[in-house]
Amino acid sequence: MLSIIAQVPKPINRRQRLPRLTESKMAISRVKFITSIALSLLICVAIPDAYAKRKLFEAQMTVVAIDPGHGGKDSGARGPNGTLEKAVTLNLARMIAQQLDTDYRVVLTRDDDYALEHSDRTAAANHARADIFISLHSGNSFSQASNRSAVYYYLPFQGSAFKAASEVPHPSEDGETAVRWNSIQTKHRVTSKKLAMQMQAGLTSIWQPQEVTVRGIPMLVLEGADMPAVVVEIGNLANARAEKQLTDSQYLLKIAGAIARAITAFLAQKPQ
Ligand SMILES: [Zn+2]
C-alpha cells in the first residue's frame, strides 16, 4: 500500500544556503559597492554633457603639434613667380592636420597669416602638452640652383660663433643667431634624431632620386620644445622647379601623406 504523505517543505535556512562571507570579504564588497556608486555619481556630476565627455576624451589623445614656418611680415623664401614660403608651409600644415585628425589631436602653432616668435611656436606645443613637434619650411638654400630636402634635429652649438651662425640654414630676419645652452630640447636629442630619421625614410620614398639629409644643428625654433622635435625642409622654393611642385596641390598632398605616415610610425614606436 502506498501512502502518500504530503511533504511539507522545510523552511529555508538562508544562513545555510548562502555562501558564508567572512567579515573582511563583506567589508571589501561593501567598499566596492560604495566606490562604484561614488564613481557613477562623480561621472554624472563632473561630466554633465557630451561636450565635456568629448573634451575629456581629447585630453587623453596623443597630441601632434605642426608648426607652419614664417608668417605675417616674415614671408620666408620667395619663388621666381612670387609664391611665398609662409603660404606653402601653412597649406602643407593644414593637409597634414587633415590626414592625422581622426587618430590624434592636432595643434597648429598658427592657422593663418601672422607672425610668431620662435619661442611662441614651441610654447604653443608645450602648452598643448604635444607628444611631437614638426616645424615646416621650404627654403633651405640661398642658391636657386639647389633644391634639396632635409630634416633637422636639435644639436647644441659646439663650435665657434661664426661657424654656428653659418650652419643654421634659416637665420631669422633680424639676424638673431644666439644659441642658449640650457635648452629644453637637449634632453630629447636621441628621440628627436630617431624622429628625424623616420621622417627621412618617409620623404625619401617620394623625393627620389634626390637625397633627403638628416643633420643635427642648433636651430632656435627647436630649442624650447619639450618633446621630440624636428624641422622638415621640403625643397627650395627659390628654385623654379620646386616652386612648380610646391604650388601643385596633388604634389603637396603626397608630401603631407608621407609626413603624416612618418609621424604615425614614430608615435607607434614611442614608449608611452
Ligand atoms: Zn623657412
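Of note:
- Using θ = phi - 60° and Karplus 6.51 cos²θ - 1.76 cosθ + 1.60, couplings along segment 75-84 (whole Hz; Gly, Pro as x): 7, x, 5, 10, x, x, 9, x, 5, 9
- Taking Lys and Arg as +1 and Asp and Glu as -1, the other residues whose beta-carbon sits under 12 Å from that of E243 total +1.
- Relative packing of 124-137, 55-68, 255-268, which averages over residues the other C-beta atoms within 10 Å, highest first: 124-137, 255-268, 55-68
- FRET efficiency, Q158 to A50 (Cβ-Cβ, R0 30 Å, nearest 0.05): 0.05
- Full-stretch length increase - D248, R215 - with 0.36 nm per residue and alpha-carbon distance subtracted: 9.1 nm
Readers should treat all values here as calculations from the given coordinates under stated rules, not as data from a laboratory. Since this is a predicted model, take the numbers as computed values, not measurements. In this analysis, Cβ positions are derived from the backbone assuming ideal geometry, glycine residues included, and neighbour counts consider all displayed protein chains.
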